[in-house]
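Inspection log for the structure reproduced underneath, given as C-alpha cells.
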Amino acid sequence: MTHRERIIATLEGRPLDQLSWVPRLELWYNGRKRRGNLPEKYRDWPLRDIEKDLGLGTPARGGRILSSRQNNVETKSYRDGNDTVTEYITPVGTVSTRHRGSEELNEVGIGGRMMEYMIKNIEDYAVVEYIVENTEVTPNYEVYLAYDKEIGDDGFPMTGLGDCPMGRIMREYIGYNNFFYELNDHTDQVEHLCEVLTEYDKQKVWPIVVKSPAKLILHGVHFDSQFTSPPLFRKYFTPYYKAFSRLLHENGKYLACHADADTSLILNEIMDAGFDMAECFVTHPMVPCTLEQAREAWGTDVVIWGGIPSAIVCEPITDEYFEEYMIDLFKTIAPGDAFILGVADNVMPEAKIERIRRVTEMVEEYGYPINVREE
C-alpha cells in the first residue's frame, strides 16, 4: 500500500499492510538547513526526498480550498524593534496587533508570538465585527487540486480552517491571558462576536468546504483541558462542531482537530463533538494525558495521529528509554486500528534522526496487525 492508501484505509476503518508512519519533519529540516547542520547525506536533499529515504509519509498539511479578502478595511504595518505592529483601519474605528519575533526563532523557522491582540477594550468588539462581516471568501479549488497532485501517493492532503468561533476569539482576538476576564466582564460582547463569527462560517465558509474536493478538514486547534475546560467546551465548542461534523459526514468528509495540548479532561467532549481524528496528538510525559487514556476513551471512533512526544526523539532521553517507550507504545495501540504514527507536535531541530529511522524499522518489523516480538 502507498502512504496515501494507508491513511485513507485508516480513516475508513479498513485493514492495512503496516501502520501508517507520518511525522512532521519541517521544523527539523528548516532549522538544520538554516544552521547548516543537516546530516552530511542530506545536505543538498529536499525535504520530500529525505522523507522517502526514511520511509515516511508526507503530512500534506498545506491543502487550501479558499481565499479571503477584507473590504473597506485599510491595513498598515510597521516595525518597532523586534515587533511588527499592524493596524486595521475601518469606518467604525481602528484596532491593532503587535507580533514579536527574534533572531533565534527566525534561525530555525519558528514564528514569534502575539504580544497585543485586536480586542483591548469594549469599543474594539464593534470594529472586529465590522472586519468579519466585511471579509469576502471565494473558493480556490484549483490550488487544492494542484497540491493534491503534487503530494501524490506520499500522503493525503489536509485542509486547515483554523479554529471555531470561540476558539478564534480566545486565540486571535483577545488572547488566553485576558479571555476569561473578558468573558466574565463583557459576556454579551464576547457571545455576540461569537454569533457573528458563527454566522460568517455557516454562510460563507461551510458551503465552500462542502462543495470542495477536500476530504480531510482540520478545524480546531490547541484544545486544552485548562483553557477549553469541559464546561466551556460543551457550551461554546460542542454545538458548533456537532453541526459542522454532521455536515461533513453527510458529504463524505472527515473532521480533524490539532491536538497538541493536554486533552486529558476533554477526551469525551472531543468525541461527542464529532471529530474523526486528533492530529498531532501529544501524550505523557509532555502533557498529563496518556495514550492509554485516549484509547480507552475513544476506542477506534477517533483516529489518533501522533503518539510519539517530540521529547522522546531528543536528548537527554537515552536510547534505552526511547526503545522502551516505543515498545510500550506499539503494545498500547495493537492491533493498530484507528492510528497513524507521528511525532507530536513536530520533530524538533535537536532531534536524533536515527530514532526516526528506528521507528521505521519497528513499523516494518511489527507489521499489521501489530505483533511486538521481544527477545
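What follows draws every value from the coordinates through simple rules; no lab data is involved. Quick caveat: nothing in here was measured; it's all calculated off a predicted structure. Here Cβ is always computed from backbone atoms with ideal geometry, including for glycine, and neighbour counts include all displayed protein chains.
Of all the options 309, 157, 285, the one that moves most in a Gaussian network model of the chain with Cα springs shorter than 10 angstrom is 285. The alpha carbons of the chain occupy a box of 70, 46, 40 Å along the principal axes, longest dimension given first. A Gaussian network model of the chain, with springs between Cα atoms under 10 Å, assigns the largest mean-square fluctuation among 231, 15, 59 to 231. A Förster radius of 22 Å combined with the Cβ-Cβ distance from residue 180 to residue 268 puts the calculated FRET efficiency at roughly 0.45.
Take residue 98 and residue 121, extend 7 Å from each Cα along the Cα→Cβ direction, and tell me the distance between the two endpoints in nm. Placing both labels 7 Å beyond Cα along the Cβ direction yields 1.6 nm.
For the pair residue 82 and residue 235, a Förster radius of 35 Å applied to the C-beta separation gives a FRET efficiency near 0.40, rounded to the nearest 0.05. Placing unit charges on the Cβ atoms only, positive for Lys and Arg and negative for Asp and Glu, gives the range 72-133 a dipole magnitude near 60 debye about its Cα centre. In a DSSP loop and with at most 16 other Cβ atoms within 10 Å, the GluC sites (Glu not before Pro) in the range 95-197 are 123. Among 88, 29, sorting on how many other beta-carbon atoms sit within 10 Å of each Cβ, with the fewest leading, yields 88, 29.
Shown for 166, 1: other C-beta atoms within 10 Å of each C-beta, ranked fewest to most, produce the order 1, 166. Between the range 348-375 and the range 231-265, the C-alpha centres lie 31 angstrom from each other. Each principal axis of the Cα cloud of the range 9-87 was evaluated for its coordinate range; sorted largest first, these ranges are 54, 39, 16 Å. Give the calculated FRET efficiency between residue 64 and residue 301 to the nearest 0.05, with a Förster radius of 22 Å applied to their Cβ-Cβ distance. The formula returns an efficiency of 0.15 here. Give the cross-link partners of residue 202 among the lysines, using a straight C-alpha distance below 23 Å as the criterion and excluding same-chain residues fewer than 8 apart. By straight Cα distance, residue 202 reaches 211, 215, 235, 242, 253. Helix-only arithmetic for the chain: the sum of -39500 (n - 2.57) across DSSP H runs with n ≥ 4, divided by the residue total, places the mean residue ellipticity at 222 nm at -11000 deg cm²/dmol.
Roughly how many whole Å is it from the C-alpha centroid of the range 4-72 to that of the range 143-187? One Cα centre to the other: 19 Å.
Dividing the mean sequence gap of close Cα pairs (under 8 Å, 6+ apart) by how many residues the chain holds gives a relative contact order of 20 percent. The Rg/Rh ratio of the range 72-133, with Rg taken over Cα atoms and Rh as the Kirkwood radius over Cα pairs, comes to 1.06.
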